[in-house]
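*Asks:* Before we start, here is the structure in question, set down as structure tokens.
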Amino acid sequence: MGCGRVGAALALQLAPLDHTLSVIDQDPIAFRRLGDGFPGNMVKGVGFDRETLINAGIEQAGAFAAVSSGDNSNIIAARVARETFGVQRVVARIYDPKRAEVYERLGIPTVATVPWTSARLLKAVLGETTAEVWRDPSGAVALIAVNPHEGWIGKSLPDFETATGSRIALYTRFGTGQLPLPSTLIQSGDTLHVLATDEQRDSLRRIAAEAPEAGQS
């Protein structure tokens, strides 16, 4: 539901993968974003209206994405798809981070664009060493991009994990993501992509921003 820039991009990425697609929008002009060769169905209507959804094939749908420009429309449509039609994979785009947290707890994954963008901007403006880039649907674990203090250069990734109580999922070096090894040493310019809980974030931020304590191996 929604044929704005996000909805159109999603539909065009799915189109080559042999999925049966339907795109819903109230404005038929929005379908121009899909181009002349789009293989899916284009359905004009309100995305949370039962008749519109049925016309779009919701009864056979394996997944539903509500990505219009309105939070209320997105969450209503997502709940109708999940609760009325039993669609198992449902996601809603939510701009308000507080609403996003509520619906995550209801079991509806959300894409909250504003918090992610603001976190990135905050990091750039303030020069912070950490920024959240992903969070699991339950909200318990975050993936945090960490640029450690230069005092960590030459220390091993396991040393960093031990000091922070976190887990390094991967690291980026010279623009390329790499999987960590026990023998991997931190180099200048590395970005560590760290999995951590909210309880660990403050200590992770503090420890990453300082050189390791003297005597730490």
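*Asks:* Between Ala63, Ala11, Ala77, which is free of Cβ contacts under 8 Å to residues at least 40 places away in the same chain, of a type in the set (A, V, I, L, M, F, W, C) and surrounded by 17 or more Cβ atoms within 10 Å (Cβ to Cβ)?
*Replies:* Testing whether each residue is free of Cβ contacts under 8 Å to residues at least 40 places away in the same chain, of a type in the set (A, V, I, L, M, F, W, C) and surrounded by 17 or more Cβ atoms within 10 Å (Cβ to Cβ) leaves just Ala11.
*Asks:* Then there is this: Out of the stretch 76-90, which residues are farther than 13 Å from Ala61 by Cα and under 21 Å from the mean Cα position of the chain (by Cα)?
*Replies:* Passing the criteria: Ile76, Ala77, Arg79.
*Asks:* Need the failing condition index for Arg205 against (1) surrounded by 13 or more Cβ atoms within 10 Å (Cβ to Cβ); (2) of a type outside the set (A, V, I, L, M, F, W, C); (3) assigned to a loop (DSSP other than H, G, I, E, B), just the number.
*Replies:* So the condition that Arg205 fails would be (3).
*Asks:* Answer yes or no: is there a residue in the stretch 65-88 that is at pLDDT below 85 and either in contact with a strand residue (DSSP E or B) (Cβ under 8 Å, 6 or more places away or on another chain) or polar (S, T, N, Q) (or both). Reasoning before the result, please.
*Replies:* First, the residues of the stretch 65-88 that are at pLDDT below 85: 88.
In the following step, the residues that additionally are either in contact with a strand residue (DSSP E or B) (Cβ under 8 Å, 6 or more places away or on another chain) or polar (S, T, N, Q) (or both) were identified as 88.
So far as the stretch 65-88 goes, yes, one or more of its residues are at pLDDT below 85 and either in contact with a strand residue (DSSP E or B) (Cβ under 8 Å, 6 or more places away or on another chain) or polar (S, T, N, Q) (or both).
*Asks:* Now for a different question. So for the stretch 70-84 (the condition being charged (D, E, K, R) and either touching a helix residue (DSSP H, G or I) at 6+ places or on another chain (Cβ under 7 Å) or not assigned by TED's automatic domain parsing to the domain that holds Gln13 (or both)), does at least one residue qualify?
*Replies:* Step one: list which residues in the stretch 70-84 are charged (D, E, K, R), which gives 71, 79, 82-83.
Pick out the ones that are also either touching a helix residue (DSSP H, G or I) at 6+ places or on another chain (Cβ under 7 Å) or not assigned by TED's automatic domain parsing to the domain that holds Gln13 (or both) and you get 71.
There is at least one residue in the stretch 70-84 that is charged (D, E, K, R) and either touching a helix residue (DSSP H, G or I) at 6+ places or on another chain (Cβ under 7 Å) or not assigned by TED's automatic domain parsing to the domain that holds Gln13 (or both).
*Asks:* Count, please, the residues in the stretch 130-169 that happen to be modelled with pLDDT of 85 or more and of a type in the set (Asp, Glu).
*Replies:* Residues in the stretch 130-169 being modelled with pLDDT of 85 or more and of a type in the set (Asp, Glu): 3 in total.
*Asks:* Out of all the residues in the stretch 179-198, which are over 13 Å from Thr162 (Cβ atoms), modelled with pLDDT of 90 or more and exposed (fewer than 11 other Cβ atoms within 10 Å of the Cβ)?
*Replies:* Leu179, Leu181, Ser183
*Asks:* If you don't mind, there's one more thing I want to ask. So, in the stretch 147-178, of the ones that are surrounded by fewer than 17 Cβ atoms within 10 Å (Cβ to Cβ) and of a type in the set (Val, Ile, Thr), which residue ends up farthest from Glu210 (Cα to Cα)?
*Replies:* Thr176
So that you can scan it fast, the table gives a plain yes or no per residue for (1) buried (at least 19 other Cβ atoms within 10 Å of the Cβ); (2) within 21 Å of Arg82 (Cβ to Cβ):
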position	(1), (2)
Val6	no, yes
Thr20	no, yes
Gly37	no, no
Leu53	yes, yes
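The values are calculated or read from the model by the stated rules, or taken from the named source; none is laboratory data. Nothing here was measured: the structure is a model prediction, and the numbers come from that model. Here the Cβ is made from the backbone with ideal geometry for all residues, glycine too, and neighbour counts use every protein chain on show.
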